[in-house]
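A quick write-up on the structure given underneath.
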Amino acid sequence: MANVKNYVEPGGEVTVIGGTLLVTGELALGEGASVSGFPQAENVAASTATTAAGAVESINAILVALKAAGLMAPDAEGNGGANPA
């Protein structure tokens, strides 16, 4: 058997991507299909905020969890978390 990172298992039910999957067009998943193996962000409890400041705190907790899981790029150095212009 060849030593490859990306392959379809016998029967065609599972495709393994061990390298990089580059999608340049539309990627469609059929009914009942699933995708696994992606990083998962830490659970963030549902917000109970009753003020704007509390809502900002809740949103920031979500952003921190996404960044920690590698699902969102980290803040640029020195911009205080603002998006670069």
message: Please go through the range 1-39 and give me each residue that is surrounded by 10 or more Cβ atoms within 10 Å (Cβ to Cβ) and either among the hydroxyl-bearing types (Ser, Thr, Tyr) or closer than 30 Å to Ala61 by Cβ (or both), ordered by number.
response: Tyr7, Thr15
- line: Exactly one of Ser34, Ser58 is assigned to a loop (DSSP other than H, G, I, E, B) and among the polar types (S, T, N, Q), and that one is Ser34
message: I'd like to know if the range 49-65 contains one or more residues that are on the phi > 0 side of the Ramachandran plot and surrounded by 10 or more Cβ atoms within 10 Å (Cβ to Cβ).
response: no
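Laboratory data are not the source of any read-out in this text; all were calculated from the coordinates shown. Keep in mind that this is a model prediction, so the values were computed, not measured. Cβ atoms come from the backbone with ideal geometry, glycine included; neighbour counts cover every protein chain shown.
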